[in-house]
1. Please enumerate the residues belonging to segment 197-235 that are in contact with a Leu (Cβ under 8 Å, 6 or more places away or on another chain) and within 18 Å of Leu179 (Cα to Cα).
2. Does Phe195 satisfy the criteria of being modelled with pLDDT of 95 or more and closer than 29 Å to Ser53 by Cβ?
3. Within segment 218-241, can one find any residue that is of a type in the set (D, E, K, R), outside any loop (DSSP other than H, G, I, E, B), in contact (Cβ under 8 Å) with a residue 40 or more places away in the chain and surrounded by fewer than 19 Cβ atoms within 10 Å (Cβ to Cβ)?
4. Yes or no: Tyr218 farther than 19 Å from Gln96 by Cα and in contact with a strand residue (DSSP E or B) (Cβ under 6 Å, 6 or more places away or on another chain)?
5. Restricting attention to segment 38-49, does a residue exist that is modelled with pLDDT of 90 or more and either of a type in the set (Lys, Arg) or more than 16 Å from the chain's Cα centre (by Cα) (or both)?
6. Counting just the residues of segment 64-101 that are more than 18 Å from the chain's Cα centre (by Cα) and part of a loop (DSSP other than H, G, I, E, B), which one comes out modelled with the lowest pLDDT?
7. Could you tell me which of the residues Pro210, Pro237, Pro229 is modelled with pLDDT under 95 and within 20 Å of the chain's Cα centre (by Cα)?
Amino acid sequence: MTNELPDYLTHYTTIQGFMGIVESKGFWASNASFLNDRKELVHGLEGAERAISKLKGRLDPALFQHLPRVIQEIKEGSLPATYVTCFCARDDLLSQWRGYGGSEQGVSIQFPREILKRRMAKQNAKLIKVIYSHLSTEKKVRDALAEEMRDLLEWEKVLGTQSDDERKAGVFDIVSKLLPRFKHLGFQDEREWRFVVQSAVNADDLLFRPKGAFIAPYIVLDLGKAKLPMRSVTIGPGREMELTRASVRLFLDRHGYKDVPVKVSAVPFRG
């Protein structure tokens with residue numbers, strides 16, 4: 001797959017999620033431990049471990065001794081201070097409709113990547129490309145993580161004079177940072193990109209929502225008072241797509257987005 005930056009990024013959500021984004025001018029960023037399912041978390045941890053291990057021999061062995069313990073702690077429920085909201089390089093993709101629309105009506109919103117990136121940067125959100133791999137291709141992972149590898153070397157300089165507990169906390173932070181970068185090769189058709197925030201969150205800014213058997217923590221990435229830079233909206237596969245399109249058109253007009261086109265998905269509906 002190409003590493004070229006896409007001109008546009010698309011966010012897939014439900015009709016309710018779409019309304020919330022337009023009304024609040026913001027996105028929910030979920031804690032990295034609650035992105036999808038446990039398999040994704042474990043694969044991300046394996047990817048982080050593989051990436052850090054590539055620097056073995058170049059970093060202080062005292063740092064590596066903490067790596068297995070940190071990986072295990074996150075598997076057992078320690079939550080990284082890492083929050084993620086997901087986008088895709090394509091705006092009408094069946095796998096995304098299935099994943100984000102589910103049994104509800106799906107809607108996607110397309111944005112110019114550069115404008116969205118500037119707005120997200122004000123929230124300290126960094127755009128990253130998801131790496132799809134079985135974690136067996138050493139060069140692919142190393143090349144894709146070149147920036148993070150440089151960060152790791154700088155990170156050692158900071159941790160070199162710290163206590164053992166502080167070093168362990170540093171290892172936890174860097175694993176948390178790498179965690180959202182990896183997804184299994186079987187999902188590569190998604191062409192996913194993610195905005196990631198890694199920082200301590202004030203208690204007042206931390207919100208919660210039900211997600212299956214869990215109460216998932218998330219934060220809101222507020223894009224400010226200006227209108228969202230929406231390029232287009234697509235109505236996902238459903239039974240009453242034209243009626244849904246008409247209702248979304250009316251909703252957008254009411255909120256000042258009369259210039260944003262609304263189209264219906266070209267993906268055939270499967271009831």
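1. If the condition is that a residue be in contact with a Leu (Cβ under 8 Å, 6 or more places away or on another chain) and within 18 Å of Leu179 (Cα to Cα), then Val197, Pro217, Tyr218, Ile219 are the ones that fit.
2. Values: modelled with pLDDT of 95 or more: yes; closer than 29 Å to Ser53 by Cβ: yes.
The answer is yes for Phe195.
3. So far as segment 218-241 goes, yes, one or more of its residues are of a type in the set (D, E, K, R), outside any loop (DSSP other than H, G, I, E, B), in contact (Cβ under 8 Å) with a residue 40 or more places away in the chain and surrounded by fewer than 19 Cβ atoms within 10 Å (Cβ to Cβ).
4. Details: farther than 19 Å from Gln96 by Cα: yes; in contact with a strand residue (DSSP E or B) (Cβ under 6 Å, 6 or more places away or on another chain): yes.
Yes: the conditions hold for Tyr218.
5. no
6. By that ranking, first place goes to Gln65.
7. Pro210
The values are calculated or read from the model by the stated rules, or taken from the named source; none is laboratory data. None of the values given here were measured: they were computed from a predicted structure. Quick reminder, even Gly has a Cβ in these numbers, built from the backbone with ideal geometry, and neighbours come from all protein chains shown.
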